[in-house]
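The values are calculated or read from the model by the stated rules, or taken from the named source; none is laboratory data. What you see is a predicted model; the values in this text were computed from it and never measured. In this analysis, Cβ positions are derived from the backbone assuming ideal geometry, glycine residues included, and neighbour counts consider all displayed protein chains. Side chains are part of the model used for accessible areas, which takes the heavy atoms of the whole protein and leaves out ligands, DNA and RNA. Shrake-Rupley method; radii C 1.70, N 1.55, O 1.52, S 1.80 Å.
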Amino acid sequence: AMIYKFIFNDEYGVLNSAIRTIFPNFHLDWFYSSPAAFWAVTFTWLFYAVIVSLLVLGDLMAIPEELHEAATIDGASKWQVIFNIDIPLCRNAMGTAVICSGTSRISMYEAIALTTRGGPGNDTMNLPILLVNNINDMNYGMANAIGTIMFIIGILLLVVINRAFRMNDPVY
């Protein structure tokens, strides 16, 4: 969040400096203006794409080359190898990545709090921001309700992803 706060900074941010080379009078405070805040916060999730890529790449590299060779000898096309060998053998890594990303979205407080401080208006509000705001306003009943909803959503998400990716089934 702090890295992106400096990338999107209006005065000395890398993005605005690059845009000013083309449009010299360009000024946009990305995290504090209503239409741009949603997209700026969304781009802070690019690091998760890198982590997911590394997880799946690790599983892809662990697939024995003999499986690909045997499939090619048996006449499988490249797409058949991908859909029948690579994806099934990487389902645990993909499921883990989806679980990490999904649960992080449920509890995403620090990225929004550090970049937008709750956002302009209600554009970047989410359950953790509402939870903290209600605790600060001493509205503990609402804060407990939001915390319970976050917990239930997290458990449901784990169950659905676990079943969708068949993470308890053996890989081979």
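Laid out as a table, the results:
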quantity: For the stretch 61-67, 3J(HN,Hα) per residue [Karplus equation, 6.51 cos²θ - 1.76 cosθ + 1.60, θ = phi - 60°, Hz, x = Gly/Pro]; calculated: 6, 7, 6, x, 5, 4, 5
quantity: Sites S53 and S17, calculated FRET efficiency, Cβ-Cβ separation with R0 25 Å, nearest 0.05; calculated: 0.35
quantity: Largest-first principal axis extents, alpha carbons of the stretch 49-99, Å; calculated: 35, 15, 15
quantity: Crossing angle, helix 140-164 versus the chain [Cα axis fit, 0-90 degrees, rounded to tens]; calculated: 20
quantity: Estimated FRET transfer efficiency (W79, I155; beta-carbon r; R0 35 Å; 0.05); calculated: 0.45
quantity: Whole-number accessible area per residue in Å² for the chain, which is evaluated in the context of all protein chains at 1.4 Å; calculated: 64
quantity: Alpha carbon Rg of the chain, scaled by the compact-globule rule 2.2 N^0.38 Å; calculated: 1.39
quantity: Carbon/sulfur fraction of accessible area - the chain, other protein chains in place, 1.4 Å, %; calculated: 68
quantity: Charge tally in the Cβ shell below 10 Å around F26, where Lys, Arg are +1 and Asp, Glu are -1, F26 excluded; calculated: 0
